[in-house]
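A short worksheet on the structure shown next.
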Amino acid sequence: MADNRTIEIHPLTGERWPDLEAVFGANGATSGCWCMWFRQTNADYERDRGEPNRRALREIVESGTVPGLLAYVDGQPAAWVAIEPRERFPRLARSRVTKPIDDQEAWAVPCFFTHRSFRGLGLQAQLLEAAAAWAAAHGARLIEGYPIAPSGERVDDASGFHGFASTFAARGFEEVARRTPTRPIMRRFLP
């Protein structure tokens, strides 16, 4: 990076849980989500928003599953990306926008979150590249995301959690479907 900051990216494990809490803050990222929205039905999400979602994600982490990666800037926890096999995010299959386009097995990158103190540093792009490497190291041959492709207006921070199509394209992802004007499905085959 131009400002000589040191960026490191690590899997979210139990010992790094306090770092995720530091990134997500008191609001659990956005509106008490704790990155559980893609794992739940609407009713479950509304019921579990906040502390129940925090506990649910922590249980996933404590089980030994790595649900995503954390970025650190100069040693400080700064940002998050969710990355796992697509079937671990059942909401993707239920959505008319993100439902599978075929039966190929894929890993999914459904969301990002950057703590406000670290926005504007290009962490989303670095996390996306790290997510692709993580998926490949765990046997994935295909990774996909569901970013937004804004039509020129400024996107508020809460709406950017899907990632941005331009970031995905710059990291070698190609658009393979678009069911709404601003939400492409983008894929990248892995070595």
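Calculate for the chain the 222 nm mean residue ellipticity that helices alone would give, adding -39,500 (n - 2.57) per DSSP H run of length 4 or more and normalising by residue count, nearest 500 deg cm²/dmol.
Result for the chain: -8000 deg cm²/dmol, rounded to the nearest 500.
What is the spread of the Cα atoms of the range 124-191 along each of their three principal axes, largest first, in whole Å?
For the range 124-191, the Cα spread along each principal axis is 37, 23, 17 Å.
At a Förster distance of 25 Å, what's the computed FRET efficiency of Glu62 paired with Ala26, Cβ-Cβ distance as r, to 0.05?
Efficiency, rounded to the nearest 0.05: 0.75.
Given 4 °C and 1.567 mPa s, how large is the Stokes-Einstein diffusion coefficient of the range 1-110 in µm²/s, with Rh as the Kirkwood radius over Cα pairs?
87
Can you give the FRET efficiency for Ala137 and Ala43, using 1/(1 + (r/R0)^6), R0 = 30 Å, r = Cβ-Cβ distance, to the nearest 0.05?
E(calc), rounded to 0.05, equals 0.25.
Would you kindly state how much longer the chain becomes between Asp103 and Glu87 on full extension, computed as 0.36 nm times their sequence separation minus their alpha carbon distance, in nm to one decimal?
4.6 nm
Stick to Cα atoms and the Kirkwood definition of Rh, then tell me Rg/Rh for the range 14-60.
0.96
Scan the chain and report its longest stretch carrying no trypsin sites (Lys or Arg not before Pro) that are both in a DSSP loop and have at most 16 other Cβ atoms within 10 Å.
Formally, the longest exposed-site-free interval is 6-95.
Among Thr98, Pro147, Ser117, pick out the residue whose Cα is farthest towards the positive end of the charge dipole of the range 86-169, where Lys and Arg carry +1 and Asp and Glu carry -1 on C-beta, about the Cα centre.
Highest projection toward the positive end goes to Ser117.
Kindly report the accessible area of the chain per residue (heavy atoms of protein chains, probe 1.4 Å, no ligands, DNA or RNA), in Å².
The answer is 49 Å² per residue.
Would you mind listing how long the chain runs along its three principal axes, going by Cα atoms, in whole Å with the largest first?
Sorted largest first, the three principal extents are 44, 38, 37 Å.
Determine the share of the range 1-110's accessible area contributed by carbon and sulfur atoms, expressed in whole percent, with a 1.4 angstrom probe.
Here carbon and sulfur together make up 45 percent of the probe-accessible area.
The values are calculated or read from the model by the stated rules, or taken from the named source; none is laboratory data. The structure displayed is predicted, hence computed values, not measured ones. Because the Cβ atoms are built from the backbone with ideal geometry, glycine has one as well, and the counts that use them run over all protein chains shown. For accessibility, only protein heavy atoms count, side chains too; no ligands or nucleic acids. Shrake-Rupley method; radii C 1.70, N 1.55, O 1.52, S 1.80 Å.
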